[in-house]
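Following: one structure in structure tokens, then a few remarks.
The values are calculated or read from the model by the stated rules, or taken from the named source; none is laboratory data. For clarity, every value in this text was computed on a predicted model and none was experimentally measured. Cβ sites come from the backbone with ideal geometry, for glycine too, and all protein chains shown count toward neighbours. Keep in mind that these areas ignore ligands, DNA and RNA; they rest on the heavy atoms of the full protein, side chains included. Shrake-Rupley method; radii C 1.70, N 1.55, O 1.52, S 1.80 Å.
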Amino acid sequence: MARAAKRKAVELPGTSPFEVKNEDLHGRSVTYAEAGEGPVLLLLHGLGGSFENWRDVIGPLARNHRVIAPDLPGHGASAPGGGDYSVGALAASVRDLLVALSVERVTVVGHSLGGGVAMQFSYQFPEMVERLVLVSSGGLGPEVSLVLRAAALPGADLFIAATADIGQRVAPAIGRGLSALGLRPNADLAEVLRGYGTLVDPERRSAFLATVKAVIGTGGQRVDATDRLYLAEAVPVLIVWGADDRIIPAGHGEDAHRHIPHSRLEIFDGVGHLPQVEAPLRFVLTLEEFIAETEPATLERSEWHALIRERHAA
């Protein structure tokens, strides 16, 4: 399998640079950021995002780990998928990338949509998962912001096509204006505007809407993993949420924590939907502490099957 050459290196203050690479999978280009050596940390971004959502934490985490942060199909710089943007298909695409990179086991960290993909990845490929970290995760209840519900409505394509370029132009201007006043732009808002701005591209917009419709309806989130959370007891689980999350309520994380024995819950006060962007230092310290204090799971597929059979027989 041919592998494209490294494209560029990005230097983060006080940390090692990360590299942005491409991998050809099934005839489609997959872009991912990579840095460091050691046990593998897999970082999965949310809806409309990219590896850029992890930019501030990749370098610090790479001091002790090999960090891999892909752009999911149709997101960031990765080519669109084959039309299936369900969490199952996205989880399979992540598995294929890891196989191509000769990675056998990971601690998987998923944000928002990426949390749903991380749970599905753990369900489909349990033998590859050492730990599971859910960050403001989707797939844990129906509640989700009205903005994302609206994206599932007929006509959303036309509206986004007409307004995405505004987000692309406004985000830098807002940042420059606030900086000139000595204020730090709201990281949550800046990331949302940047992601929205990428939807000016028709292929990106099509992939975004297909992904939205796969996981969200006008009544809320379509995908709900709560009936299978008992299986997560087999791996160490960390749940991280922003107390001020207006996209997916922090109550979803609290409910999941109650359903997953021995899981850890960290609620970040004063933080919204993107803890890794809004409070990167605290996020890195929380994740590193969790990894240091837990032993990686070593599940075989047969053990996973036994867990399901036990539950079925109960």
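Counting only protein chains, not ligands or nucleic acids, how are 252, 26 ordered by accessible area (probe 1.4 Å), most first?
Putting 252, 26 in descending order of accessible area: 26, 252.
Loop-located trypsin sites (Lys or Arg not before Pro) across region 228-302 with a Cβ neighbour count of 16 or fewer within 10 Å are 246, with loop assigned by DSSP.
For 266, 104, give me the order by solvent-accessible area with a 1.4 Å probe, most accessible first, ignoring ligands, DNA and RNA. Before the final figure, lay out each step's value.
On the way: 266 60, 104 145 Å².
Sorted descending by solvent-accessible area, the residues read 104, 266.
For residue 143 and residue 104 in the same chain, what is the full-extension length gain: residue separation times 0.36 nm, less their Cα-Cα distance, in nm? Walk me through the intermediate numbers first.
Values: separation 39, 0.36 × 39 = 14.04 nm, distance 3.45 nm.
So the chain would gain 10.6 nm between residue 143 and residue 104.
Taken along its three principal axes, the alpha carbon spread of region 205-314 comes to 41, 37, 25 Å, from the longest extent down to the shortest.
The apolar share of the surface of region 189-313, taken as the fraction of accessible area on carbon and sulfur atoms (1.4 Å probe, ligands and nucleic acids excluded), comes to 52 percent.
A probe of 1.4 angstrom, applied to the heavy atoms of all protein chains, finds residue 227 with accessible area near 100 square angstrom.
Computed log10 I(q)/I(0) for region 76-157 at 0.16, 0.26 Å⁻¹: -0.69, -1.34, from the Debye equation with unit scatterers placed on every C-alpha and solvent omitted.
About its Cα centre, the dipole of region 26-148 is roughly 100 debye, where the only charges are +1 on Lys and Arg Cβ and -1 on Asp and Glu Cβ. Using heavy atoms of the protein chains and a probe of 1.4 Å, the accessible area assigned to residue 286 is about 20 Å². Ranking 213, 21 by solvent-accessible area of protein heavy atoms (1.4 Å probe, all protein chains present), from largest to smallest, gives 213, 21.
Averaged per residue, what accessible surface does region 82-148 expose to a 1.4 Å probe, in Å²?
On the way: 1870 Å² over 67 residues.
Per-residue accessible area for region 82-148 comes out at 28 Å².
Need one number for region 28-108: average projected area of the convex hull over its C-alpha atoms, nm². Before the final figure, lay out the partial values.
Details: hull surface 19.6 nm².
Averaged projected hull area, Cα only: 4.9 nm².
Distance distribution note for region 234-289: the fraction of Cα pairs above 16 angstrom is 40%.
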